[in-house]
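For reference, the structure discussed in these notes is given below.
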Amino acid sequence: MNLVSRSMKNLLRFYGRSALMIAVLSIVVILSVIGFTVKEGAEQSIRKIRNEAGNQVQLYPDSSYEKNKLTDEIAKSVLTEDVRDYDFFMGDSVSIDLPGLEDFVFATVNMYGKELPVNGSILTSQKPDRIENFANGNWKVVDGRFYNEEEMKKGSPVVVIDENMAKHAKLKVGDTFKVHLISIDAVKEVKVVGIFRQNAETSQNPLAMLYAPYGFLKSAKEESGQKDLTIAYATFYLKDANYIDRFIKQGEEKLGTDHYYFVSNDIMLKPLLAPLENMKSFAELTIKSVLIAGAAIMILIMAVAARERKKEIGVLRSLGFRKPTIVCQLIAESLVITVLALAIGLGVGHAAAGMVNGQLTKHEIAANDQLQASMQGFDWSAQGLQAVDSSLDASTYLLIVFMGLLITTAGTVTASYMIVRYEPIKILASDK
């Protein structure tokens, strides 16, 4: 109790110096709180924007080289533990000889001496629930269903057709019709298991659109004698959007960059995320700089204080006070200063963090607006515009408290080292 009371009296006696140390440490704490708020808020915004943009990566062959072919075996070769799921997409132009489809003719091709009208396209996928327009709700099945897991495994000759085609050709669920696959000059009979509706914005007429299991078209091409079966592209669904850079780097190391290339929404995001990345780096630099500068200033102030109190220390030593007792008193004074500075710094810093949070939210909304403008067809959820919750957790506040204690400890150790070197006789004999 005497130790604490003496410490308080000393702080009040040297109120100017005490106020300066409290001010310095408070500023360090305030800037640390703001720095950590900016850092964690920027990290949260980056994660949020990346997750909203999706965790998909597409692999394409470079079409500038005619010999470049992408097969499912090549696509599977880049699989890593970061991949949660994958899908292969293959397509073909088709000729459908049904009444009512005259308006759908896009072109004609000459196959073995006869003209065939190209009036449709058949698209395949292993994962129908991954087809973007169906996944985001732009298109939906209005009658029947999509092909199921068993039909995908067997490569069953079943199709899901668009509503316009069904109306013009008077087709309904359960009907069968023949499609002429242009690339292999083969006719296959397919069964309608579902009918889907496109919205006006994404309608892709004049071609009739059909979706079929990937295995169906693959089997048809293998039966025709095609050896090198190619896919249009492969889509990889990663476990986390933050794995995109790593996955692309590993894929490029395996396949090279001359014949294949990867595409992801994250690549488009990088220019938009650059300001947030810079903000995060600046915050980290600020925290480190504040810690170093704060420690240097506190060491200087407490060293000067110890020198100015040399006479007081000499008197106390001559009265029988041991060096550890005097050092303990200095530590007690430092702890009082630290507690007061932390109380002020954390309070003011928390209030300032609220304003920083508002700025981060504005930046996120601005990034969202740019993203919508630059990524056509991307379904950007309005739910993503909620304020960034960049409030610090308990562990971060504890880290800031530790930083404050570390700074005062640095000053206390310096002052204590000076105290233990003082000899009472020499101090009292000196006029300085």
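Any residue that is outside any strand (DSSP E or B) and either loosely packed, with under 14 Cβ neighbours inside 10 Å or not assigned by TED's automatic domain parsing to the domain that holds GLN198 (or both) - is there at least one of those in the range 107-117?
Narrowing the range 107-117 to residues outside any strand (DSSP E or B): 112-113.
Those left that are additionally either loosely packed, with under 14 Cβ neighbours inside 10 Å or not assigned by TED's automatic domain parsing to the domain that holds GLN198 (or both): 112-113.
Yes; the residues of the range 107-117 include at least one that is outside any strand (DSSP E or B) and either loosely packed, with under 14 Cβ neighbours inside 10 Å or not assigned by TED's automatic domain parsing to the domain that holds GLN198 (or both).
May I ask you to list the residues in the range 166-189 that are charged (D, E, K, R) and part of a strand (DSSP E or B)?
Within the range 166-189, the subset charged (D, E, K, R) is 167, 170, 172, 175, 178, 185, 188-189.
Those that are charged (D, E, K, R) and part of a strand (DSSP E or B): LYS178, LYS188, GLU189.
Would you be able to say whether some residue in the range 30-44 is within 21 Å of GLU222 (Cβ to Cβ) and either acidic (Asp, Glu) or modelled with pLDDT of 85 or more (or both)? Before the answer, list the steps.
The first filter runs over the range 30-44 and keeps only residues within 21 Å of GLU222 (Cβ to Cβ), leaving none.
There is no residue in the range 30-44 that is within 21 Å of GLU222 (Cβ to Cβ) and either acidic (Asp, Glu) or modelled with pLDDT of 85 or more (or both).
Looking at the range 128-153 only, could you name the residues that are touching a helix residue (DSSP H, G or I) at 6+ places or on another chain (Cβ under 6 Å) and under 23 Å from LYS218 (Cβ atoms)? Full working, then the answer.
Taking the range 128-153 and keeping what is touching a helix residue (DSSP H, G or I) at 6+ places or on another chain (Cβ under 6 Å), we get 139, 146.
Within the range 128-153, PHE146 is the sole residue that qualifies.
Counting just the residues of the range 128-159 that are hydrophobic (A, V, I, L, M, F, W, C) and within 35 Å of the chain's Cα centre (by Cα), which one comes out surrounded by the fewest Cβ atoms within 10 Å (Cβ to Cβ)? Give the steps one after another, and end with the answer.
Taking the range 128-159 first, the residues hydrophobic (A, V, I, L, M, F, W, C) are 131, 134-135, 139, 141-142, 146, 152, 158-159.
Going one step further and asking which of them are within 35 Å of the chain's Cα centre (by Cα), we end up with 131, 134-135, 139, 141, 146, 152.
Details: ILE131: 19, PHE134: 18, ALA135: 13, TRP139: 22, VAL141: 17, PHE146: 19, MET152: 21.
Ranking the qualifying residues of the range 128-159, first place goes to ALA135.
Looking at the range 262-292, which of the residues that are in contact (Cβ under 8 Å) with a residue 60 or more places away in the chain and surrounded by fewer than 17 Cβ atoms within 10 Å (Cβ to Cβ) is farthest from TYR397 (Cα to Cα)?
Our first condition is that a residue be in contact (Cβ under 8 Å) with a residue 60 or more places away in the chain; within the range 262-292, this holds for 262-266, 268-269, 272-273, 275-277, 279-280, 282-284, 286-287, 290-291.
Narrowing further to those that are surrounded by fewer than 17 Cβ atoms within 10 Å (Cβ to Cβ): 263, 268, 275, 277, 282, 284.
On the way: VAL263: 40, MET268: 35, PRO275: 26, GLU277: 23, PHE282: 20, GLU284: 16 Å.
Going through the qualifying residues, I end up with VAL263.
The values are calculated or read from the model by the stated rules, or taken from the named source; none is laboratory data. What you see is a predicted model; the values in this text were computed from it and never measured. Neighbour counts are summed over all protein chains in view; Cβ atoms, including those assigned to glycine, are modelled from backbone coordinates with ideal geometry.
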